[in-house]
1. Just to confirm the number: angle between the C-alpha axis of helix 63-72 and the first principal axis of the chain, 0 to 90 degrees, nearest 10?
2. Given the options Val132, Val25, Val42, which has the most mean-square fluctuation in a GNM of the chain, springs set between C-alpha atoms less than 10 angstrom apart?
3. Which of the three applies to the range 49-116, rounded, prolate or oblate, going by the alpha-carbon gyration tensor with a ≥ b ≥ c and a/c under 1.5 meaning rounded?
4. Select from Arg24, Arg167, Arg99 the residue whose mean-square fluctuation is largest in a Gaussian network model of the chain (Cα-Cα springs shorter than 10 Å).
5. Among Ser73, Ser124, Ser152, which one moves the most in a GNM of the chain with springs linking Cα atoms closer than 10 Å?
6. Excluding Thr102 itself, what net charge comes from residues whose Cβ is under 12 Å from its Cβ, given Lys and Arg +1 and Asp and Glu -1?
7. Only counting other Cβ atoms within 10 Å, I'd like Tyr126, Tyr98 sorted with the fewest neighbours first.
8. For the chain, take the longest principal axis of its alpha carbons; what is the angle in degrees between that and the long axis of helix 10-46, to the nearest 10 within 0 to 90?
Amino acid sequence: MIRPHTDTTVAGLIGRIKRRQLLRVGFLGATLLALTELTAIVVPFFRVNKILGLGAKIAVGSKQSVFDQFKASNDTPILNVEGKFFLIHAPGGVVAAYRKCTHLGCTVPWNAGEDQFHCPCHGSLYDKHTAVVKGGPAPKPLQLFHIVADPSGALIVDTNPLNVIDRQANIWNPKDLEITE
Ligand code: FES
């Protein structure tokens, strides 16, 4: 039921107009607040997050610096924790081996005492220079990430796990070498 206004004076009319304006401003404010909150919730879904670690392209220094490290350490594989790979001194060059065991996916560490990679889960062993299987249940060598040298000479490892060199035969194939000495 709509009640008629009892105050018909000019002051009453002004009061009613002010109330209406106040209501409008309040409604507008509430709408703007709701839109702002909605934007804050929705926008992050459209933002492309920068990929860090596994999946990113990781610079590992110059070719010379990598081979200098091999020389100084009796070819100890160089671990990159974020990228989940080892740089390995392969015959005639360097490769980046994804440290995911090809048996059931455990993270494969370097075993300095054994001078080979030794998976802690079920004992698969991988060769120091090629990451081919030397023993255990692993069905194939560790996968390799692609490496390129950028114009400045820095080596860049592409750690996209969907774009690996997936070696099926358990032998070293020189064709898999992308960076030569
Ligand atoms: S996961 Fe590595 S040996 Fe089974």
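Derivation of every value follows stated rules applied to the coordinates shown; laboratory data play no part. These figures come from a predicted structure and were not determined experimentally. Cβ coordinates were reconstructed from backbone atoms using ideal geometry, including for glycine residues, and neighbour counts include every protein chain displayed.
1. 50
2. Val25
3. Details: a/c = 2.19, a/b = 1.16, b/c = 1.90.
In terms of gyration-tensor shape, oblate.
4. Of Arg24, Arg167, Arg99, the most mobile in the Gaussian network model is Arg24.
5. Ser152
6. +3
7. Placing the least packed residue first, the sequence is Tyr98, Tyr126.
8. Helix 10-46 and the main axis of the chain meet at about 10 degrees.
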